[in-house]
Number of protein chains: 2
Amino acid sequence: MRTLNLPLLSCFLLVANFSTSAQTPLKTLAEKLGYPSDAKLLIVHGDDLGVTHSVNAASIKGLETGAINSASIMVPCPWFPEIADYAKNHPDADFGLHLTLTSERIYYRWGPVAPADKVRSLLDENGYLRHDWTPDTHIDPRQAEIELRAQIERALAMGVRPTHLDSHQYRLDSTNKELFQVALRLSHEFKLPFFVSRDWFADYPYFEPALAQNEVVIDHTITIGPEIAPEKWADFYQDTIRKMKPGVTELVIHFGYDDTEMRAATRERATWGAAWRQRDFDFFTSAEFRRLLEEQDIKLVTWREIARTFRQD
Amino acid sequence: MRTLNLPLLSCFLLVANFSTSAQTPLKTLAEKLGYPSDAKLLIVHGDDLGVTHSVNAASIKGLETGAINSASIMVPCPWFPEIADYAKNHPDADFGLHLTLTSERIYYRWGPVAPADKVRSLLDENGYLRHDWTPDTHIDPRQAEIELRAQIERALAMGVRPTHLDSHQYRLDSTNKELFQVALRLSHEFKLPFFVSRDWFADYPYFEPALAQNEVVIDHTITIGPEIAPEKWADFYQDTIRKMKPGVTELVIHFGYDDTEMRAATRERATWGAAWRQRDFDFFTSAEFRRLLEEQDIKLVTWREIARTFRQD
């Protein structure tokens with residue numbers, strides 16, 4: 001089984017070639033959204049809502065101040081009820097579901113939404129979603145589908161009206177064809193676009209054959225990686241935003257506060273930890289970010305708008 | 001089904017009569033512990049470890065400074081791995097398991113340890129352990145036993161070596177005979193004393209017939225209730241400690257910090273909330289509490305010592 005080294009992925013994404021594929025629609029996604037095909041369109045997307053109160057609080061602040069305009073929610077996590085309640089009471093907010101098959105921390109963990117005995121291949125010896133997958137881990141795609149359907153159904157039952165689906169740690173994208181097909185099946189079944197970026201086609205040859213002719217495909221993805229030193233955070237984002245290409249780009253960011261809860265939950269490693277998330281929060285809530293968007297004539301778009309093109313196809 | 005109004009219970013406990021029963025052993029528990037029968041012995045017991053990081057951090061501080069000398073852990077909760085890791089690395093600490101059948105908060109919740117489809121009567125419509133039980137809620141005692149056995153087995157598998165068992169929100173004590181018998185069965189099976197207080201015999205007539213001749217029974221319980229105004233917290237504890245009777249008393253307290261995480265997790269009501277737990281922390285870590293113990297010639301005992309008398313019987 002092919003597994004993903006996320007720090008490496010971050011590098012790959014930034015250097016990946018733009019590949020013109022058989023799935024390239026006659027109209028670009030930008031055009032379907034009502035913009036010229038050379039418009040620079042951006043989704044500023046917060047990941048991992050539900051994981052902790054700290055992430056929820058910072059992400060809600062981000063949504064309410066316009067620092068982010070879209071986000072996705074992890075249903076199996078302990079603070080899901082808090083963000084589900086917020087989503088139910090803010091039906092215009094652009095929330096997707098961050099489909100989750102791992103519980104990647106050490107001191108703070110969660111189990112599956114589906115009955116444990118129906119999804120054994122996803123669980124470790126203590127009954128939590130696995131900390132990580134190795135090439136020897138067999139993840140049964142039917143069990144992954146059972147678990148992810150249970151996540152979507154719990155979200156719907158609790159009043160979330162998601163605009164899209166994406167995959168925590170890109171597990172559904174980067175592992176193998178079978179899991180990618182699970183994601184696409186759920187996307188079609190629930191009529192919710194699944195986040196796929198054209199940037200990734202070169203690295204994952206099973207993407208293009210699996211995609212339907214009318215599938216939504218985002219043009220580019222930007223995400224910061226551990227190779228960027230903390231003091232270079234703003235430089236990286238400024239540089240990347242200045243170099244943004246035409247088409248729809250998703251900027252995948254991770255909001256949270258560098259507070260007691262977040263530090264405790266992520267203390268075993270710095271990657272995607274408390275200070276990392278505070279740096280993301282600080283940059284995207286800054287006046288500098290707003291200024292850059294204007295300077296570069298970048299327009300913001302949401303998954304809700306994109307989903308409309310998906311359903312019309 | 002009889003359900004428990006916890007604030008009322010707190011009052012009941014304080015006024016309950018000392019009932020001499022058929023189960024009164026020939027030797028008192030104090031004597032079995034090597035003290036004269038008129039000695040005043042105290043367990044200062046922290047509840048709810050595992051529920052949040054805030055509770056874990058405050059309780060660890062309490063254990064390490066001697067403010068509490070025993071505590072019990074909620075296995076289904078998200079921060080269980082943190083406290084299990086601590087327990088594994090501090091094998092002399094006096095940790096029991098706080099057997100948990102409810103998930104009583106609104107914005108922050110947990111599900112069962114056992115497979116959901118094996119314990120349906122314990123779950124709400126979204127798959128969490130129920131927020132509360134009403135007289136119409138049917139809790140299947142066989143399912144409760146499956147869930148609680150799964151909790152004990154997860155704790156053992158993750159390196160916790162518990163000294164005792166007790167029941168979150170007294171659900172196993174106060175609901176009905178069948179659930180009380182589940183607790184006693186698990187207690188005997190795992191050779192871990194289950195916290196029962198003689199104070200409760202008058203209110204729960206099914207206690208005495210269910211107890212074996214050699215069962216461990218604590219003499220008294222003290223716990224604060226919502227009828228005590230915040231500014232009277234220290235007065236209540238001072239007064240109660242001064243009035244402590246001979247025999248073994250368990251002081252059931254709830255440590256936590258009045259911090260962002262704890263406030264968010266408990267924000268829907270003040271009872272057992274963030275400020276409540278900070279007040280408990282502040283009183284029991286004070287010099288005043290230590291002074292009172294000396295003044296009243298109160299000796300501290302642990303569940304580990306009590307468990308030895310249970311196993312020897």
A careful count of residues in the stretch B:171-197 that are in a helix (DSSP H, G or I) and open to solvent by 30 Å² or more (accessible area, probe 1.4 Å) gives 7
Only one of (1) within 10 Å of another protein chain (Cβ to nearest Cβ); (2) under 23 Å from A:Lys118 (Cα atoms); (3) in a loop (DSSP other than H, G, I, E, B) does not apply to B:Leu101, and that is (1)
Single condition A:Pro226 does not satisfy, out of (1) open to solvent by 10 Å² or more (accessible area, probe 1.4 Å); (2) in contact with a Ser or Thr (Cβ under 7 Å, 6 or more places away or on another chain); (3) within 14 Å of chain B (Cβ to nearest Cβ) = (3)
Would you check which residues across the stretch B:210-238 are farther than 21 Å from B:Arg308 by Cα and among the hydroxyl-bearing types (Ser, Thr, Tyr) and list them?
-> B:Thr223, B:Tyr237
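From the list A:Asp85, A:Asp38, exactly one residue is facing chain B (nearest Cβ under 9 Å), more than 15 Å from A:Phe255 (Cβ to Cβ) and not in a strand (DSSP E or B). Which is it?
A:Asp85
Please determine, by comparing only the residues of the stretch B:49-80 that are in a helix (DSSP H, G or I) and open to solvent by 10 Å² or more (accessible area, probe 1.4 Å), which one is farthest from A:Glu268 (Cα to Cα).
Narrowing the stretch B:49-80 to residues in a helix (DSSP H, G or I): B:53-65, B:80.
Next, from what is left, pick out any that are open to solvent by 10 Å² or more (accessible area, probe 1.4 Å): B:53, B:57, B:60-61, B:63-65.
Working: B:His53: 15, B:Ala57: 16, B:Ile60: 19, B:Lys61: 20, B:Leu63: 23, B:Glu64: 22, B:Thr65: 25 Å.
Taking the candidates together, the pick is B:Thr65.
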Looking at (1) crowded, with 24+ Cβ neighbours inside 10 Å; (2) farther than 18 Å from B:Phe284 by Cβ; (3) touching a residue at least 60 places away in the same chain (Cβ under 8 Å); (4) at the interface with another protein chain (Cβ under 10 Å from one of its Cβ atoms), find the lone condition where B:Ala114 falls short.
-> (3)
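Any chance you could count how many residues in the stretch A:115-132 are assigned to a helix (DSSP H, G or I) and in contact with a His (Cβ under 7 Å, 6 or more places away or on another chain)? First the steps, then the outcome.
Restricting attention to the stretch A:115-132, the residues satisfying the condition of being assigned to a helix (DSSP H, G or I) are A:116-118, A:120-122.
Keeping just the survivors that are in contact with a His (Cβ under 7 Å, 6 or more places away or on another chain) gives A:121.
Qualifying residue count, the stretch A:115-132: 1.
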Under 8 Å between Cβ atoms, at least 6 apart or on separate chains: pull out the pairs that start in the stretch A:158-173 with a residue that is within 14 Å of chain B (Cβ to nearest Cβ) and end on any residue that is of a type in the set (S, T, N, Q) and open to solvent by 10 Å² or more (accessible area, probe 1.4 Å).
-> A:Met158/B:Asn126
May I ask you to say which residue of B:Glu145, B:Glu153 is among the charged types (D, E, K, R), assigned to a helix (DSSP H, G or I), within 14 Å of another protein chain (Cβ to nearest Cβ) and surrounded by fewer than 22 Cβ atoms within 10 Å (Cβ to Cβ)?
-> B:Glu153
Sole miss for A:Tyr108 among (1) of a type in the set (Ser, Thr, Tyr); (2) under 20 Å from the mean Cα position of the chain (by Cα); (3) within 14 Å of another protein chain (Cβ to nearest Cβ) is condition (2)
Among the residues listed as B:Val182, B:Val119, the single one being touching a residue at least 24 places away in the same chain (Cβ under 8 Å) and either within 13 Å of another protein chain (Cβ to nearest Cβ) or among the acidic types (Asp, Glu) (or both) = B:Val119
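Looking at A:Pro135, A:Pro112 in this structure, which one is outside any strand (DSSP E or B), at pLDDT below 95 and not hydroxyl-bearing (Ser, Thr, Tyr)?
Details: A:Pro112 fails: at pLDDT below 95.
Going through A:Pro135, A:Pro112 in turn, just one is outside any strand (DSSP E or B), at pLDDT below 95 and not hydroxyl-bearing (Ser, Thr, Tyr): A:Pro135.
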Considering residues of the stretch B:125-142 that are within 13 Å of chain A (Cβ to nearest Cβ) and surrounded by 14 or more Cβ atoms within 10 Å (Cβ to Cβ) only, the residue farthest from the chain's Cα centre (by Cα) = B:Asn126
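The values are calculated or read from the model by the stated rules, or taken from the named source; none is laboratory data. Quick caveat: nothing in here was measured; it's all calculated off a predicted structure. Quick reminder, even Gly has a Cβ in these numbers, built from the backbone with ideal geometry, and neighbours come from all protein chains shown. Protein only, heavy atoms only, side chains kept; ligands, DNA and RNA dropped before computing areas. Shrake-Rupley method; radii C 1.70, N 1.55, O 1.52, S 1.80 Å.
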